[in-house]
């Protein structure tokens, strides 16, 4: 069993397979054990997802457990830790997580098909505009992208820095330990060597660039 295990939580409509390159880099460069938490992002009540994530974390036998969430996955981590304190120490990284809500999702949800495609979890987490705050007792890093290429650009004009799906301002979380914006798209950040290095640095040292 490695000294630290990283649990990756995927975003809307994803399966976790999209994080393969990120996970390989974390395993080879930092020696972490990696686990993907898979869930049905459409059609599953958020309470069920959160409880399943809690059980997954609790079942890991390692000295420390880190959590990395992409997009909606970060919100699932936030809700889980708000309700269920983790027994193991560890840090958390959000990648392109719209913690303050998503304008692109709200626009998409105005259409009947769009609302159905978002599902119950996204409707509850993404369609609300809120001021996000982190006070769950462990260090959090937020990484956002500012390369504006993505599905969200088909729905609205952001008028500010964005990754093509989520605006940089929507990723802001009061109480975060470290914040970084990089020239990557919403999905492309999962394939970026720089993002992988920064994730590994924060998980290991609690800061970027190490």
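Potential lengthening of the chain between residue 84 and residue 116 amounts to 8.6 nm, from the contour at 0.36 nm per residue minus the alpha-carbon distance. Semi-axis lengths, largest first, of the ellipsoid equivalent to the chain are 25, 19, 15 Å, with √(5λ) applied to each eigenvalue of the Cα gyration tensor. Angle of helix 193-205 to the longest C-alpha principal axis of the chain, folded into 0 to 90 degrees and rounded to 10: 50°. Counting only alpha carbon atoms, the long axis of helix 72-83 and the longest principal axis of the chain meet at about 60°. To the nearest 10 degrees, how steep is helix 20-30 against the longest Cα principal axis of the chain, on a 0 to 90 scale? Once rounded, one gets 30 degrees. By the helix-only formula, in which each DSSP H run with n ≥ 4 contributes -39500 (n - 2.57) and the sum is divided by residues, the chain has a 222 nm mean residue ellipticity of -10500 deg cm²/dmol.
Here the simple spin-label model places points 7 Å from the Cα toward Cβ, and for residue 146 and residue 61 these points are separated by 4.7 nm. Suppose a student asked you for the relative contact order of region 1-147, using Cα pairs under 8 Å spaced at least 6 residues apart; what percent would you report? Relative contact order, region 1-147: 26 percent. Inter-part distance, region 1-52 to region 161-210, computed on C-alpha centroids, equals 16 Å.
Once both labels are positioned 7 Å from their Cα atoms along Cα-to-Cβ, the gap between residue 131 and residue 107 label points is 2.6 nm.
Throughout, read-outs are computed from the coordinates displayed, never taken from laboratory work. Keep in mind it's a predicted model, so treat the numbers as computed, not measured. Cβ atoms come from the backbone with ideal geometry, glycine included; neighbour counts cover every protein chain shown.
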